[in-house]
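The values are calculated or read from the model by the stated rules, or taken from the named source; none is laboratory data. Remember, it's a predicted structure, so these values are computed and weren't measured experimentally. Glycine gets a Cβ as well: all are built from the backbone with ideal geometry, and neighbour counts include every protein chain shown. Keep in mind that these areas ignore ligands, DNA and RNA; they rest on the heavy atoms of the full protein, side chains included. Shrake-Rupley method; radii C 1.70, N 1.55, O 1.52, S 1.80 Å.
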Amino acid sequence: MKLNTKLTLFNTISKLVIVVLFVLLLPLLITKINLGYTDSKLIEQKEKVLQIVKTLGIGNYITDGESYGSYTLLKEEYISLDEVAADEYLDTILNERRIVEGDTIEYRILSHTFKVNKKNYLLEVGKSVSTLDDTSGPLQNIAFQVLVSMILLTILADQVYSNYVLRPLRQIIRTKLNSSRFPYTDSYRKVRTSTADFQYLDISIHRMMETITDKFQKEREFISNASHELMTPISILQTKIENMFVEEDIADDLKVRLLEMQRILNRLKSITKTLLLISQIENEQFLKEDEVNLNEMLHDVQDEISIRLEQKEITCNINVPADVALQKVNKFLLFNLLFNLINNAIKYNHEGGSINITAQKNTANLILNIADTGIGIAADELPYIFNRFKKLKRSLQQDSFGLGLPIVKSIADFHRIQIEVSSEKDKGSVFSLIIPAAILKG
């Protein structure tokens, strides 16, 4: 999962937790808000009544000792004023029940006593509790809608900001890692960012790539130089051994030993040549100026290797269109690539087995499949088959150098050809060459 997605997911979950908590607490908050608002209104009405009494006198409400009472048509609000005992004192706001015209109604009641002309009066201002419940629902809906809208806006803002903040990181990955090829020869181009961590990552990756390139180049130089240097003494030893064979007085047991030495030298010479070839390919010492017909080249390989096919009674079927041509390639290297793959398909095949070579086109590329009915490749070895420094069990069983597939990989990389391998133990392997449109003619 991408870092940007993780950050957005975390922000979303945290906001959803806030929403859940808010929804759970919303009724209590709305109730408190309603009570606070109602209480403030009751206090305002009390102040108005007291102001009227102060201005117009208590007679404006009470005459001849009678109490005063007034309520709205729906009995949602009421005001009452009555004379009470001189020692009674009240200044409260409580929920109480009142009977109004035979109906028992619960009110939020403000009770306040005050004195006028040495008489004690009780003022009650009430508001029906049911009206509070009527406003709680709409208020909760409005609050919830506002909250959801704010959450969505903040998620969108988080996404936009995360994209902006992480843009330098994506640029570093794209330009410094995904697009880089060895040997790494690009000059350092600083990624524009104000984030110190990304600046440090940018320069660190560049230094790491330079270090890897340096080690990689030294390895190439060593292989190339060592291969060149080894060829001379190997050739000298081979010549000396060949000269010893022409001597008349050489014993038979010595001839056997010389033959063994010659076989070892031939193996060493073959390995050296292979390493030299890989080094030359990786150093791009070959030109890509040839044009070849793929069907014809496959048949040329088949002809060259026909003796081995006959020895193991293996049938090789080539089903590739005759008009498929490749351009801007190196014919020598491409022949080696196909030769090694078909040679391996023979080497690790069963007696009387078969090799099927087919081609298919997709939207842009050509896929060349080389399938055999051989011993297959173990699943634990499959990731390492192109590693020149790891010799696999099946190579040991066949007394092989284990350098055929590394050569194939080097040549394929040189031509920008991708290789995919699928294999099942004791049932065979399929090597798929994905040939890009850039080297397909027509």
**Message:** Criterion first (among the basic types (Lys, Arg), in a strand (DSSP E or B) and at pLDDT 80 or above) does residue 54 satisfy it?
**Reply:** no
**Request:** Scan region 262-290 and report the pairs whose first residue is under 14 Å from residue 331 (Cα atoms) and assigned to a helix (DSSP H, G or I) and whose second residue is hydroxyl-bearing (Ser, Thr, Tyr) and open to solvent by less than 40 Å² (accessible area, probe 1.4 Å), with Cβ atoms within less than 6 Å and a gap of 6+ or a chain change.
**Result:** 281/410
**Request:** Output the number of the condition that residue 21 fails; it satisfies all remaining conditions of (1) free of Cβ contacts under 8 Å to residues at least 24 places away in the same chain; (2) surrounded by 11 or more Cβ atoms within 10 Å (Cβ to Cβ).
**Result:** (2)
**Request:** Would you mind stating whether residue 52 is closer than 15 Å to residue 81 by Cα and without any contact (Cβ under 8 Å) to a residue 60 or more places away in the chain?
**Result:** yes
**Asked** Within region 98-111, which residues are under 22 Å from residue 32 (Cβ atoms) and open to solvent by 60 Å² or more (accessible area, probe 1.4 Å)?
**Response** 106
**Check on residue 296, farther than 30 Å from residue 351 by Cβ, surrounded by fewer than 18 Cβ atoms within 10 Å (Cβ to Cβ) and at pLDDT 80 or above** = no
**Asked** Which of the following residues is touching a helix residue (DSSP H, G or I) at 6+ places or on another chain (Cβ under 7 Å) and either more than 26 Å from residue 440 (Cα to Cα) or open to solvent by 40 Å² or more (accessible area, probe 1.4 Å) (or both): 332, 339?
**Response** 339
**Fill in**
Within region 252-267, of all residues that are among the hydrophobic types (A, V, I, L, M, F, W, C) and open to solvent by 90 Å² or more (accessible area, probe 1.4 Å), the one nearest to residue 230 (Cα to Cα) is 264
**Selected residue (only one of 306, 279, 270 is of a type in the set (Ser, Thr, Tyr), open to solvent by less than 70 Å² (accessible area, probe 1.4 Å) and under 41 Å from the mean Cα position of the chain (by Cα))** = 279
**Message:** I'm checking my understanding of the structure. Among residues of region 414-437 that are at pLDDT 90 or above and open to solvent by 70 Å² or more (accessible area, probe 1.4 Å), which one is farthest from residue 276 (Cα to Cα)?
**Reply:** 420
**Prompt:** Does any residue of region 58-65 turn out to be modelled with pLDDT of 80 or more, assigned by TED's automatic domain parsing to the domain that holds residue 132 and within 60 Å of the chain's Cα centre (by Cα)?
**Reply:** no
**The listed residue being more than 22 Å from residue 27 (Cβ to Cβ) and touching a Leu at 6+ places or on another chain (Cβ under 7 Å), out of 89, 61** = 61
**Fill in**
When every residue in region 215-229 that is open to solvent by less than 70 Å² (accessible area, probe 1.4 Å) and not aromatic (Phe, Trp, Tyr) is compared, the one modelled with the highest pLDDT is 217
**Request:** Go through the residues of region 36-48 one by one and say whether even a single one is part of a loop (DSSP other than H, G, I, E, B), out of contact with any helix residue (DSSP H, G or I) (no Cβ under 9 Å at 6 or more places or on another chain) and buried (at least 16 other Cβ atoms within 10 Å of the Cβ).
**Result:** no
**Prompt:** For region 81-120, what are the residues that are within 16 Å of residue 46 (Cα to Cα), touching a Ser or Thr at 6+ places or on another chain (Cβ under 7 Å) and either touching a residue at least 40 places away in the same chain (Cβ under 8 Å) or of a type in the set (A, V, I, L, M) (or both)?
**Reply:** 81, 82, 90, 108
**Asked** Somewhere in region 325-334, is a residue within 38 Å of the chain's Cα centre (by Cα) and either part of a helix (DSSP H, G or I) or of a type in the set (Ser, Thr, Tyr) (or both)?
**Response** yes
**Complete:** Picking from 68, 78, the residue that is closer than 30 Å to residue 30 by Cβ, surrounded by 14 or more Cβ atoms within 10 Å (Cβ to Cβ) and among the aromatic types (Phe, Trp, Tyr) would be 78
**Message:** Take residue 78 and tell me if it is in a strand (DSSP E or B) and out of contact with any Gly (no Cβ under 6 Å at 6 or more places or on another chain).
**Reply:** no
**From 232, 239, residue being part of a helix (DSSP H, G or I), over 19 Å from residue 278 (Cβ atoms) and either modelled with pLDDT under 75 or touching a Pro at 6+ places or on another chain (Cβ under 6 Å) (or both)** = 232
**Request:** For residue 339, state whether it is modelled with pLDDT under 90 and either not in a helix (DSSP H, G or I) or not assigned by TED's automatic domain parsing to the domain that holds residue 237 (or both).
**Result:** no
